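Please read the structure below before turning to the comments.
The values are calculated or read from the model by the stated rules, or taken from the named source; none is laboratory data. Treat the numbers as computed from the prediction; the structure is a model and nothing was measured. Methodologically, a virtual Cβ is constructed for each residue, glycine included, from the backbone with ideal geometry; neighbour enumeration extends over all protein chains shown. Ligands, DNA and RNA are stripped out before the accessible areas are found, and what is left, the full protein with its side chains, is counted by its heavy atoms. Shrake-Rupley method; radii C 1.70, N 1.55, O 1.52, S 1.80 Å.
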Amino acid sequence: MARKIEVTTRMGCKVNCRYCPQKLALEKYFAADKKRESVLSFEKFREYLDKIPRDVQIIFSGMCEPWLNAECTDMVEYAARDGREVDIYTTLVGMNHEDYRRIRNLKLHYFVLHVADKDNNATIPVTEEYKSLLKEIVEGHKSGRLPITSISVHGQMHPEICDIMKEAEGVPVLSEIYDRAGNLESDEGVTISQKGEKKGSLCCTKCNGFSLDDNYLLPDGTMLVCPMDWGLEYELGTLETESYEEISEGKVKQEFRKRMRSSKYGPVLCRHCHVSQPELAYRASCFFYGLKQTARKLLKGDKTEMKQAAEGAAQNRAEEVPQYAEGVLQN
């Protein structure tokens, strides 16, 4: 899995999705310094990007709708034209037709839309401008100019956009609402959460095991260890004064890894997070995933039935071993 940086273009998001603990993040971000930089400038983005290795994916999502920063399109263009692998996760709030037309011809890795829902779990105003932009994006998807990777909706889709989104036939629609490792004030409406505290040595399925290299970048250059850390408990360092390498192997991440391996070193949010997994189960999953990928390469061009059988066997083992491993760890 690739290393990732999820870019927060500003602190404070008026979309205020149910599963984003905005109040907690803002309180923690400004606790020590009320004048802390809240908006990422294009110049600072360029400065920070130059410090990030070229194999690291640049993801525009983070703790805020990316286009609530007026310079977001400039940042996306700059990163993509610099040859970076760029992902976009957007509600379209703040984006206009000109922004979309500037990014639609870029080479993007993922383009994920979070659309309006009927219960207002995400505050996305369903205006004529919004519907018009949504139509253009769906047309762009159908023509192949900028394919939509997936669609996210918190609950049922808003009735005024259903007909528009029907045209994006075949695009996966996701509706999960996570509890952000217990950082939400209420679990009302949450569909995926971790009940109770996990024991033993844990690995993160989102952050590459113990590598912990799916990090957040905040507007002032601070890097967070994990996308679930909305309480800002684990600030790794800052690109303002440090290199990516110094931050990635610094004391905070080393301490975090120790706590993942054993609770005797102190608490860690992974023990309350649904994406963490017992180490043995994680390693088994990785092994059988690699086996599956190898089977694909070996069987390429062979009979379909044989290929499906081999991949099916590998997948079944990958699902069985973690369950067995978890049982071993619990006994």
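Data table
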read-out	value
Heavy atoms of Ser143 accessible to a 1.4 Å probe, total area in Å² rounded to 10	80
Charge dipole magnitude, Cβ of K and R +1, D and E -1 - region 95-155, Cα centre, debye nearest 20	340
Calculated from backbone phi, Karplus (6.51, -1.76, 1.60) coupling profile of region 68-83 in Hz, x at Gly/Pro	7, 9, 5, 9, 4, 4, 4, 5, 4, 4, 4, 5, 5, 6, 7, x
Quarter of Cα convex hull surface for region 32-164, i.e. mean projection, nm²	9.4
Built amide H within the under 5 Å cut-off of Cys17, gap 5+	Thr123
J(HN,Hα) series, region 220-225, from Karplus relation 6.51 cos²θ - 1.76 cosθ + 1.60, nearest Hz, glycine and proline x	9, x, 5, 10, 9, 5
Packing-based order for 162-173, 57-68, 258-269, using average beta carbon neighbours within 10 Å, highest first	57-68, 258-269, 162-173
Under-5 Å amide H pairs with Ser201, H placed in peptide plane, nonlocal only	Glu279
Spacing of the two label points (7 Å from each Cα toward its C-beta) at Ser211 and Glu77, in nm	3.2
Sequence-distant residues sharing a close amide H with Thr222 (under 5 Å, placed H)	Leu239
For q = 0.14, 0.20 Å⁻¹, Debye-computed log10 I/I(0) when each Cα of region 78-141 counts as one equal scatterer	-0.44, -0.83
Glu176 - accessible surface, heavy atoms, 1.4 Å probe, Å² rounded to 10	80
Lys pairs under 15 Å by Cα in region 28-187, provided they are eight or more residues apart or on distinct chains	4
Karplus (6.51, -1.76, 1.60) ³J(HN,Hα), θ = phi - 60°, over region 257-267, in Hz, Gly and Pro reported as x	4, 4, 5, 5, 6, 7, 6, 5, 8, x, x
Nitroxide proxy distance, nm - points 7 Å out along Cα→Cβ at Asn105 and Lys195	5.4
Leu24/Arg296 FRET efficiency (R0 51 Å; Cβ-Cβ; nearest 0.05)	0.75
Nearest-0.05 FRET efficiency for Asp119 and Ser262, computed from C-beta distance (R0 41 Å)	0.45
Aspartates and glutamates whose Cα lies under 16 Å from that of Lys198, excluding same-chain neighbours fewer than 8 positions away	Asp179, Glu279, Glu326
Relative contact order (%) - region 94-174, alpha-carbon pairs under 8 angstrom, separation at least six	37
Extension gain (nm, one decimal) between Cys286 and Leu174, 0.36 nm per residue minus Cα-Cα	37.9 nm
